[in-house]
Amino acid sequence: MPRQMPPDRFAAVVAASAQVFVAHGFQRAQVQDVADVLGLSKGALYGYATGKLALFSAALRYADGVEPLPDRSMLPVAPALPGDLAAVVRDRLAAQIPELELTQALLRDAPPEGVTGPQELAVVVADLYRRLSANRFAIKLVDRCAPEFSELRQVWFEDGRSLQMGAMAEYLRRRGGSGHLVVPGVVELVARTMVELCVLWAVHRHWDPAGAPAGLPAGHNDFDDDEVVDMLTLLLARGTAPAHASDARRPS
């Protein structure tokens, strides 16, 4: 018999919804799929959300813990109104962009005093990775389901990814032109490679169908974020270091 969940278990509904929509996309996913993950009847699940779009809206808004879960009195949650899903993503992007180390670097003509170009780039990359990781459920959901929502497709692929890669390209162009970095190829290609590597490791690896990567050290189930950040910052910073810049590590 399907079990009953108390009202304070809405977090489990959010997690199961995110799992289902990432796996199947929006159109193919069914309310019953979420109920099955939770071991609930479909009828019991309607006590938490009024339907499939409401479940998707909840996953997008709450899975990362950026927004607090709704109070019990607000259950079942209703679906987002037209345009509201895009507004959630747009607002989250708008809140992050001014605080990005990349944004701050673009406001400067050069790295801060005493900081080399590779050191500055390491800070930029580490910050980008951390922010992507903190929003990985929303990013994965939007990336998976945006083709099925025209408003999400525009805000993510145009206002999100394109602007981010454009900002990274402009940063590399400036620091390359000033001699603080060496850009090893076409600027736009290098910028996209940097951003996509961060997205791969911060977001997509958590849903890798192959499971944990091969060759992990004994006792490891996966690489932790600190290990990944250290690798990415050293790889990318050293790969763009001028001949005179020997230390590509993040400044203390």
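Checking Val142, Val123, Val155 one by one, the residue that is over 22 Å from Val66 (Cα atoms), crowded, with 18+ Cβ neighbours inside 10 Å, in contact with a helix residue (DSSP H, G or I) (Cβ under 7 Å, 6 or more places away or on another chain) and not assigned by TED's automatic domain parsing to the domain that holds Phe21 is Val123 and no other. Segment 26-142 holds helices (runs of 4 or more DSSP H) entirely within its bounds, and those carrying 1 or more residues that are over 30 Å from Val190 (Cα atoms), in contact (Cβ under 8 Å) with a residue 24 or more places away in the chain and within 26 Å of the chain's Cα centre (by Cα) map to 31-38, 52-62, 84-96.
From the list Gln19, Gln32, the lone residue that is polar (S, T, N, Q), within 30 Å of Asp208 (Cα to Cα), surrounded by fewer than 15 Cβ atoms within 10 Å (Cβ to Cβ) and at pLDDT 90 or above is Gln32.
Determine whether segment 106-116 contains at least one residue that is among the small types (Gly, Ala, Ser) and out of contact with any Phe, Trp or Tyr (no Cβ under 8 Å at 6 or more places or on another chain). Looking through segment 106-116, at least one residue is among the small types (Gly, Ala, Ser) and out of contact with any Phe, Trp or Tyr (no Cβ under 8 Å at 6 or more places or on another chain). Answer yes or no: is there a residue in segment 65-73 that is loosely packed, with under 14 Cβ neighbours inside 10 Å and among the hydroxyl-bearing types (Ser, Thr, Tyr). So far as segment 65-73 goes, yes, one or more of its residues are loosely packed, with under 14 Cβ neighbours inside 10 Å and among the hydroxyl-bearing types (Ser, Thr, Tyr). For segment 162-180, state whether one or more residues are modelled with pLDDT of 85 or more, under 28 Å from Ala63 (Cβ atoms), under 18 Å from the mean Cα position of the chain (by Cα) and not in a helix (DSSP H, G or I). For segment 162-180, residues modelled with pLDDT of 85 or more, under 28 Å from Ala63 (Cβ atoms), under 18 Å from the mean Cα position of the chain (by Cα) and not in a helix (DSSP H, G or I): absent.
So that you can scan it fast, the table gives a plain yes or no per residue for (1) closer than 30 Å to Asp84 by Cβ; (2) touching an Asp or Glu at 6+ places or on another chain (Cβ under 9 Å); (3) hydroxyl-bearing (Ser, Thr, Tyr):
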residue	(1), (2), (3)
Pro112	no, yes, no
Asn135	yes, yes, no
Gly160	yes, no, no
Ala202	yes, yes, no
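Examine segment 45-54 for a residue that is surrounded by 13 or more Cβ atoms within 10 Å (Cβ to Cβ), closer than 30 Å to Met231 by Cα and either in contact with a Pro (Cβ under 6 Å, 6 or more places away or on another chain) or at pLDDT 95 or above (or both), and state whether such a residue exists. No, segment 45-54 contains no residue that is surrounded by 13 or more Cβ atoms within 10 Å (Cβ to Cβ), closer than 30 Å to Met231 by Cα and either in contact with a Pro (Cβ under 6 Å, 6 or more places away or on another chain) or at pLDDT 95 or above (or both). A count restricted to segment 148-160 and to residues that are closer than 18 Å to Gln27 by Cα and touching a residue at least 40 places away in the same chain (Cβ under 8 Å) stands at 4.
The values are calculated or read from the model by the stated rules, or taken from the named source; none is laboratory data. Predicted, not measured: the structure shown is a model, and the values here were computed from it. A quick note on method: Cβ atoms are made from the backbone with ideal geometry, for glycine too, and the neighbour counts reach across all protein chains shown.
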